[in-house]
Each structure stands twice: as structure tokens, then as C-alpha cells.
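Inspection log for the structure reproduced underneath, given as C-alpha cells.
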């Protein structure tokens, strides 16, 4: 006898009405209840697949028997747009949801096809940044450190806020230079330290172990002096890894951008 979990009963109850809709051709459940290690705050993610002819989409939330369900109803062409949009923004959320999700029903075979397409999108490589863009990012990194020093020297109350925001921006900048996907900020620590996170979200390990160690040290810094020291070390490290930087004489000439 198959042991049905309480959350699965909630999913069945939720889908009972949707199945009566003639536009609905399939459904897939994804997220932590499928990939493992759900927390007390985890919701149940459900993708409802509509027919190709459908001209509407819907997303929403509801509570079934105490279980929070987040649902997304889309025709296949809309989901394909999400795959492309995520790729262009260096994200993989929609792709991973379909790759790892469990098919509940698939009347037309659309979900299996979308799973294959998600795998193709997930395997694509991001374009290398142009030298001009890398130089601008390096300047922005130097400028962020200068602003953080200003906060410290003025003993401003927002120092910690600026520090953690600067850490996020530094991480995003280095990921873009390394042609990596953008990791949600609330997941960065787990991404750098937990193998289970990598398996769950189909991530490759961060390729620069030294930077990972420095970043975790920066997250754990517990006073302003340590924070500045850690951030300075990381800025110096990233600037060195990206070709070096000297503010004295720095300049960048590029073509006009008028439209």
C-alpha cells in the first residue's frame, strides 16, 4: 500500500477543481517537498499546464488543510518564455522546477516536453562579459569599498546595512565575471557551504574556493573593524583576479550609446 503524505492529500484536494477546467492539460509539483529537506516555512509549488490555445495565465496562493500552496497556471508557450527570460537574467529557477518536479498528470505530453527543454536551457553557457563592462564593474567595486570606508569613518548607523548590501553586490559581480548564474542572496551561504544545497538545486560548486572561504569569513565578521578588513581583502582579491585595478589614472573610453 502506498503511503500518502498529508501534503499530497492537500495537493489532490487543490487540483480537484482545476482538473474540471477544460483548459487544464497537466500539473507538476515541485520544490522542497519533492527535492527534500522542506522547512516549516516551505510551501508546496504546483505548475498547472494549460492548453496551447489558452490566452490567459494565473498565479496565486491558498491554504489547504493547513498547507500553503503556491500555484502557477500557464500554457506551454508562456513557460518557454520564462525559461528564456531566466536564462537571459542568469537565473535557473523555472528550469530547475521543471527538471526536478514530479508529474501529477500530463494529458498531452507537454510537461515531458517542457522537462526536456528545461534541461537544454540549463546546459547553456552564458556569454563572456565585454572588457568594457568588466572594467566598469571593477570601478564600481572600488567605489563601493570607498563608500563603505566613508560610512565607517563617519560612524554612521547604516554601516552594517551598507556592508551586507556591498557583500551581495560583490558576490553578484564576481559571479557575472565568472559566467555563473545569479544566486538568490538568502541562499548564498548555503550555496558556498552545503553539498545538499547543490544537489537540491542542481548547482555546480562555486569554482573559486579561496573566495568562498573569504566570503563566509566576511559573513561571520562580528565588528566593524573585522568587516572592513574582510571586505577589503575580497575587493583586492577580486580586482587582482580580474586583471588588477588602480584608481590613479583609471579611464574607460567607449562608443556612444544614444538609444
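The values are calculated or read from the model by the stated rules, or taken from the named source; none is laboratory data. Being a predicted model, the structure only gives us computed values, none of them experimental. With ideal geometry, Cβ positions are generated from the backbone for all residues, glycine too; neighbour counts draw on all protein chains shown.
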### Query
How many residues does the range 96-124 hold that are touching a helix residue (DSSP H, G or I) at 6+ places or on another chain (Cβ under 7 Å) and farther than 26 Å from residue 13 by Cα?
6
### Query
Taking residue 37 and the conditions (1) more than 14 Å from residue 78 (Cα to Cα); (2) surrounded by 15 or more Cβ atoms within 10 Å (Cβ to Cβ), which numbered condition does it fall short on, given that it satisfies the others?
(2)
### Task
For the range 214-227, state whether one or more residues are outside the structural domain of residue 30 (by TED's automatic domain parsing) and closer than 18 Å to residue 140 by Cα.
no
### Summary
Checked pairs for the range 139-151, first over 9 Å from residue 166 (Cβ atoms), second not in a helix (DSSP H, G or I), C-beta under 7 Å and 6 or more apart or across chains, list as 139/250; 142/245; 142/247; 151/158
### Message
Any residue at all in the range 153-163 that's closer than 22 Å to residue 241 by Cα, at pLDDT 95 or above and either exposed (fewer than 15 other Cβ atoms within 10 Å of the Cβ) or in contact with a strand residue (DSSP E or B) (Cβ under 6 Å, 6 or more places away or on another chain) (or both)?
### Response
no
### Task
Considering (1) loosely packed, with under 15 Cβ neighbours inside 10 Å; (2) under 25 Å from the mean Cα position of the chain (by Cα); (3) in contact (Cβ under 8 Å) with a residue 12 or more places away in the chain, say which one residue 43 fails and leave the rest.
(1)
### Summary
Restricted to the range 237-259 and to residues being touching a helix residue (DSSP H, G or I) at 6+ places or on another chain (Cβ under 9 Å) and part of a helix (DSSP H, G or I), the residue farthest from residue 153 (Cα to Cα) is 241
